[in-house]
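Below: the structure, in structure tokens.
Only the coordinates and a few stated rules stand behind these numbers; no lab work does. Remember, it's a predicted structure, so these values are computed and weren't measured experimentally. Note: ideal-geometry Cβ built from the backbone for every residue, glycine included; neighbour counts use all protein chains shown.
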Amino acid sequence: MTDTTPADASAPAPARVRVSGDQPYDVVIGRHLLGELPSLLGDGVRRVLVVHPAALAATADVVHEDLKASGYEAFVAEVPDAEEAKTAQVAAFLWGVLGQADFTRSDAIVTVGGGATTDLGGFVAATWLRGIRVVHVPTTLLAMVDAAVGGKTGINTAEGKNLVGSFHPPAGVLCDLASLESLGRWDFVAGLAEVVKTGFIADERILELVEEHAEALREWGVRETTPETWAVVAELVERSVAVKARVVGEDLKESGLREILNYGHTLGHAVELTERYQWRHGAAVSVGMVFAAELARLAGKLDDDVVERHRTILGTLGLPLTYRGDRWEQLLSAMRRDKKSRGDLLRFVVLDDVARPTRLEGPDPTLLAAAYAEISADAPVGRGPVAL
């Protein structure tokens, strides 16, 4: 979490977004936030396990040393990078670490990493002794605006993504914007897909900000980031987190309202499974949102200009808009196993307009095929640096 950017360019005052519910917590957004960690861990914690992917060993060491300096008995566990971490075998490894270190219900886990790390670490925290505290320190844009907030945890199986998991709200989330400085261009752009999603379902100002600054956002890490761009990124993160906080505060366990956060995810998860998780999540969700927009248009719900706005915003950022035309049956089979399905009834989050999400249940198969035809390509597409 080094900081090489001038303070006036990148150091907005830390913001706090409160996630309400039975177990309320804060999402803190700013710079150099490790000093906030003890207050989020809460009273009574003695042992802390820092879980991190191999690529973030140096960052995890900083967190580990800071925790020890604050008086905690701190441990570190390294897990594989990205989706390879989200397996039952890796979870069992972490359970073993917790058991050997005598972790009790009053102890805690701190995750340092992207969405896969927060999903895994949250799941292990939820299942150890039926639930211990977890604080997430997301280091990617995707994790800041999506995976780290909301209490969804999970691991993958051969049959699909996140099919095994639980709802386990964190004790807090630290979104240190400084970690985005070292984030690769296409990881940053892929994270913007989830930002755009929150704009389409709830906050049109997010879309306006992306439209106004698309070029600078697309070129993240290629050229020097200006103070204006840093301010835009901070606002996008705060607004996106606020959208998710409002939704999960009302519906933690996805019994109704929370499903809107899955906009673009039904087909997106199917693409990820078909590609054996070699596509970035945001790239797959981008394709899924265009599909959902076309589906809503064909169902008579969404105007052409909103569909075109999907293509323009996502395409300008460099995100993929289409997928292989020869994979429809494979994708359809994967979607039937999606968590949002009920029996054989496929369910999709669609839009009536910007910030007006709704659900479409059991659409006619010909309608689904027609919507897919609008996004399909004869040859593999999206295989640029974002998708792979």
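Side notes on the structure shown:
- Using the average count of surrounding beta-carbon atoms within 10 Å as a protection proxy, the listed peptides 201-210, 91-100, 138-147 rank, highest first, as 138-147, 201-210, 91-100.
- Neighbours of ASP26 by Cβ distance under 15 Å: Lys/Arg scored +1, Asp/Glu scored -1, total +2.
- The chain - percent relative contact order, Cα under 8 Å, separation 6 or more: 15
- Over the chain: helical MRE at 222 nm, DSSP H runs n ≥ 4 each giving -39500 (n - 2.57), nearest 500: -13000 deg cm²/dmol
- Cα gyration tensor shape for the range 282-323, rounded if a/c is under 1.5, else prolate or oblate: oblate
- Checking (1) 20.1, 62; (2) 20.2, 57; (3) 22.4, 76 against the coordinates, the calculated Rg and Dmax of the Cα atoms in Å falls under label (1).
- Summing charges over neighbours of THR139, with a neighbour being any other residue whose Cβ is under 11 Å away from its Cβ, gives -3 when K and R count +1 and D and E count -1.
- Share antiparallel - DSSP beta bridges, the chain, percent rounded to 5: 40
- Choice from ASP107, ASP22, ASP66 showing the highest fluctuation, given a GNM over the chain with Cα pairs closer than 10 Å: ASP22
- Helices meeting the span-like rule in the chain (full DSSP H runs, Cα extent of at least 30 Å along the helix axis, mean Kyte-Doolittle score of 0.0 or higher): 227-250.
- Structure remark: mean-square fluctuation, Gaussian network model of the chain, C-alpha springs under 10 Å; the largest value among TRP279, TRP186, TRP328 belongs to TRP328.
- DSSP-defined antiparallel bridges as percent of all bridges, the range 33-183, nearest 5: 20
- When each of HIS213, HIS281 is scored by the number of other beta-carbon atoms lying within 10 Å, the sequence from fewest to most is HIS213, HIS281.
- Neighbour-count ranking [beta-carbon atoms within 10 angstrom, fewest first] of PHE348, PHE123, PHE188: PHE188, PHE123, PHE348
- Counting all C-alpha pairs of the range 171-261, share separated by more than 23 Å (%): 27
- Which of LEU236, LEU257, LEU360 has the fewest Cβ neighbours within 10 Å, and the rest in rising order: LEU257, LEU360, LEU236
- Positive contributions from Lys and Arg (+1) and negative ones from Asp and Glu (-1), summed over other residues with Cβ under 13 Å from the Cβ of VAL306, come out at -3.
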